[in-house]
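Please read through the structure below; I'll follow up with questions.
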Amino acid sequence: MTMEILKGSAEFLMGISNHNQLLQWLGENDHHIGIAFTGRSNVGKSSLINSIFGKSTARTSKTPGRTREVNIFQFYLSNEGKKDTTMPPLYLFDLPGYGHAAISKEMSNNWDLLMQSFFNNITKQVKIVNIQDARHPDQSADKQFFSFLKRYHLETTLVFNKMDKIKTQKDKASLKKIKPHLFDEYKTVKYIHFVSAESKEGIKELHDSILGGLLTAINLHLTTDLS
Ligand SMILES: Nc1nc2c(ncn2[C@@H]2O[C@H](COP(=O)(O)OP(=O)(O)OP(=O)(O)O)[C@@H](O)[C@H]2O)c(=O)[nH]1
Ligand SMILES: [Mg+2]
């Protein structure tokens, strides 16, 4: 049985910038299984979503801070190349970026409210992907985000994007050396990937790792339903 994320199947449901509306959506869809993309503005969250879920799923931009809403998509898996309709609905959340200097106080307060509402109310069946820029790993904004995230005990995959910008093998190797330190510092991080949405390096491995997490969550869901 070959399962994959069905490319081009992600359907945009809505973009939510109001935390009460987000609470309402999460309340109405309370068995959600899925995946949430987080990271500093401009690290390539939307670009990575597109390389995994199919071109033009999410809007990308040269202007940092473009994604200001929680964008919710529904997507499907394929089994032997065919759309699998036996699965519970799967959701993809493209979350607004953090750490953008030019963001106003008002916008950053709204980000806090949105993110608290999101992380307080999603199920454990939502896997978190944190994207960082391979050229600037573990920035203070990332540390802050992880200290916020820690209290929710959600399994997280850490992804270093824009690997195409790291030209020498020596620089790639020294970046990869910080892995043990990151696993040690961030206890909820289970996997670390080095990828490029541009060159597609590492994308297949990231896809497989995300799919594995989804299949585990789906199995748990099915087992719980039967008991
Ligand atoms: N060289 C290179 N550029 C990339 C890569 N991934 C994304 N970019 C570029 O980085 C910029 C930001 O990409 P987005 O995908 O919009 O980033 P984002 O994290 O969604 O940004 P916000 O929504 O503003 O938080 C765009 O100009 C992309 O083309 C990559 O792997 N390599
Ligand atoms: Mg974006």
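The values are calculated or read from the model by the stated rules, or taken from the named source; none is laboratory data. This is a predicted model, so every value here is computed, not measured. All Cβ positions, even for glycine, are placed from backbone atoms using ideal geometry, and neighbour counts span all protein chains on display. For accessibility, only protein heavy atoms count, side chains too; no ligands or nucleic acids. Shrake-Rupley method; radii C 1.70, N 1.55, O 1.52, S 1.80 Å.
Evaluate the following for Gln125: is it more than 22 Å from Leu23 (Cα to Cα) and open to solvent by 10 Å² or more (accessible area, probe 1.4 Å)?
Judged against the criteria, Gln125 is not a match.
Check region 133-142 and report whether any residue there is within 19 Å of Leu214 (Cβ to Cβ) and part of a strand (DSSP E or B).
Narrowing region 133-142 to residues within 19 Å of Leu214 (Cβ to Cβ): none.
No - not one qualifying residue is present in region 133-142.
Could you check region 161-172 and list, in sequence order, the residues that are open to solvent by less than 50 Å² (accessible area, probe 1.4 Å) and either in a helix (DSSP H, G or I) or in contact with a Cys (Cβ under 6 Å, 6 or more places away or on another chain) (or both)?
Met163, Asp164, Lys172
Only one of these conditions is not met by Leu182: (1) touching a helix residue (DSSP H, G or I) at 6+ places or on another chain (Cβ under 9 Å); (2) open to solvent by less than 40 Å² (accessible area, probe 1.4 Å); (3) away from ligand 2 (no atom under 16 Å from the Cβ). Which number is it?
Single failed check for Leu182: (1).
If you go through region 106-126 one residue at a time, do you hit one that is at pLDDT 95 or above, in a loop (DSSP other than H, G, I, E, B) and among the β-branched types (Val, Ile, Thr)?
yes
So which of Ile72, Ile49, Ile33 ends up being buried (at least 16 other Cβ atoms within 10 Å of the Cβ) and within 8 Å of ligand 1 (Cβ to nearest atom)?
None of the others qualify; the one that does is Ile49.
Let me ask you something else. Counting only residues that are surrounded by 11 or more Cβ atoms within 10 Å (Cβ to Cβ) and away from ligand 2 (no atom under 16 Å from the Cβ), which one in region 150-160 is farthest from Asn120 (Cα to Cα)?
The selected residue is Phe160.
Looking at this structure, is Lys83 more than 16 Å from ligand 2 (Cβ to nearest atom), surrounded by fewer than 16 Cβ atoms within 10 Å (Cβ to Cβ) and not aromatic (Phe, Trp, Tyr)? Before you say what the answer is, go through the steps one by one.
Details: more than 16 Å from ligand 2 (Cβ to nearest atom): yes; surrounded by fewer than 16 Cβ atoms within 10 Å (Cβ to Cβ): yes; not aromatic (Phe, Trp, Tyr): yes.
Yes: the conditions hold for Lys83.
Quick check on region 124-171: of everything there that is away from ligand 1 (no atom under 12 Å from the Cβ), hydrophobic (A, V, I, L, M, F, W, C) and touching a Gly at 6+ places or on another chain (Cβ under 8 Å), which residue is nearest to Tyr186 (Cα to Cα)? Spell out how you get there, then give the answer.
Our first condition is that a residue be away from ligand 1 (no atom under 12 Å from the Cβ); within region 124-171, this holds for 124-128, 136-140, 142-158, 168-171.
Then drop every residue that is not hydrophobic (A, V, I, L, M, F, W, C), which leaves 126, 128, 145-146, 148-149, 154, 158.
With touching a Gly at 6+ places or on another chain (Cβ under 8 Å) added as a condition, the list becomes 126, 145.
Working: Val126: 18, Phe145: 11 Å.
Selected residue: Phe145.
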